[in-house]
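Enquirer: Here's a structure for you.
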Amino acid sequence: PPDTESHTVRGGVRTGTRAAIGARHLRSDRWWLAPAGTVAGLLAFVVYSTWRAFADADYYATPYVSPFYSPCLATRCQTMQAGPNADLFGSWWAISPAIIILIFPLGFRLTCYYYRKAYYRGFWMAPPACAVAEPHGKYTGETRFPLILQNIHRYFFYAALLVAGVLTYDTVLTFRDEHHRWGHMGLGTVVFLVNIVLIWAYTLSCHSCRHIVAGRLKHFSKHPVRYRAWQLISRMNARHMQLAWASLFSVALVDLYVYLVASGAFDDPRFF
Ligand code: FES
């Protein structure tokens, strides 16, 4: 029975208060596809981003700076003239810039309402899918440490706004050539543009953002601008899952693009 104080449910789904069904579940569809896809997708991203974050190399190719390394805050950014970010933010640390900066987008995604659902199902199997019993004996939800820390999501949202701002700045600067003259456009510029649209769409479709914009208003009619913004965000919010995956994929793709150009494996085709 539920412990109302702590929201702990003891005994899981096999207790006497539940229907006595012998089968593990009664679903006949391929319910395991979604959690398996989540595990495969997130693991691939974690492996790739860890490799890139610790590589501490090939993250700048004029005028492109990898989003994993932006803003470029390490000493090395200054010495290798790692572009515009070094000018704007200076340099103050000697370790991989990615390790300094990735904590913010990582924290944002880790505490995201959609990703929580995805990895609770995929990795914790709590539960793996609707109407499929979880293997755990008790349930405490997000009422205890460490999962209670998921509540800091809205603060990560504010940090994510700053990060998106910096990535927007980087995208604008992809229109400059190596001599800092405006009018440059390469395939990289297009890749950056697509990515920044997806990053903003994912960030603004956040559930916390929707709540901050108009969540506690009692009278929409008294706040027409916030109501309009809330309507727009609500429409985007319905696609939050798709935007989460698309922006995760695009940010890794931009980094890969910069890596290929910076390492000399690929030449950035230039349109202007
Ligand atoms: Fe997904 Fe906020 S709920 S980013």
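Enquirer: Do the conditions hold for T168, that is, is it away from the ligand (no atom under 16 Å from the Cβ), hydroxyl-bearing (S, T, Y) and either surrounded by 15 or more Cβ atoms within 10 Å (Cβ to Cβ) or under 22 Å from the mean Cα position of the chain (by Cα) (or both)?
Expert: Yes; evaluated as a whole, the condition is true for this residue.
Enquirer: Among the residues that make up segment 135-147, is at least one of them among the acidic types (D, E) and within 30 Å of R18 (Cβ to Cβ)?
Expert: Scanning segment 135-147 turns up at least one residue that is among the acidic types (D, E) and within 30 Å of R18 (Cβ to Cβ).
Enquirer: Oh, and also: Just for segment 88-103: of the residues that are part of a helix (DSSP H, G or I) and exposed (fewer than 15 other Cβ atoms within 10 Å of the Cβ), which one is nearest to the ligand (Cβ to nearest atom)?
Expert: Per the stated criteria, the residue is I103.
Enquirer: Is there any pair linking a residue in segment 33-53 that is within 18 Å of L256 (Cβ to Cβ) to one that is loosely packed, with under 13 Cβ neighbours inside 10 Å and of a type in the set (D, E), with Cβ under 7 Å and at least six apart or on different chains, and which?
Expert: none
Enquirer: Here's something else I'd like to know. Based on what the data block shows, is V213 more than 11 Å from the ligand (Cβ to nearest atom), surrounded by 13 or more Cβ atoms within 10 Å (Cβ to Cβ) and under 19 Å from R109 (Cβ atoms)?
Expert: Judged against the criteria, V213 is not a match.
Enquirer: Find all pairs meeting these conditions: Cβ atoms under 9 angstrom apart; at least six residues apart or on different chains; first residue within segment 138-151 and modelled with pLDDT of 95 or more; second residue assigned to a helix (DSSP H, G or I).
Expert: Going by the 9 Å Cβ cut-off, the qualifying pairs are Q150/L110; Q150/Y113; Q150/R116.
Enquirer: For segment 137-154, how many residues are more than 13 Å from the chain's Cα centre (by Cα) and within 11 Å of the ligand (Cβ to nearest atom)?
Expert: 2
Enquirer: Is there a residue being buried (at least 18 other Cβ atoms within 10 Å of the Cβ), among the hydrophobic types (A, V, I, L, M, F, W, C) and under 30 Å from R270 (Cα atoms) anywhere in segment 148-159?
Expert: For segment 148-159, residues buried (at least 18 other Cβ atoms within 10 Å of the Cβ), among the hydrophobic types (A, V, I, L, M, F, W, C) and under 30 Å from R270 (Cα atoms): absent.
Enquirer: Kindly provide the set of residues from segment 177-206 that are in contact (Cβ under 8 Å) with a residue 60 or more places away in the chain and surrounded by fewer than 17 Cβ atoms within 10 Å (Cβ to Cβ), ordered by number.
Expert: If the condition is that a residue be in contact (Cβ under 8 Å) with a residue 60 or more places away in the chain and surrounded by fewer than 17 Cβ atoms within 10 Å (Cβ to Cβ), then D177, E178, G183, M185, L187 are the ones that fit.
Enquirer: Let me ask another. Restricted to segment 111-136, and to residues that are outside any loop (DSSP other than H, G, I, E, B) and without any contact (Cβ under 8 Å) to a residue 24 or more places away in the chain, which residue is farthest from the ligand (Cβ to nearest atom)?
Expert: Among them, the one singled out is W124.
The values are calculated or read from the model by the stated rules, or taken from the named source; none is laboratory data. These numbers come from a predicted model, not from an experiment. Virtual Cβ from ideal backbone geometry, glycine too; neighbours counted across all protein chains shown.
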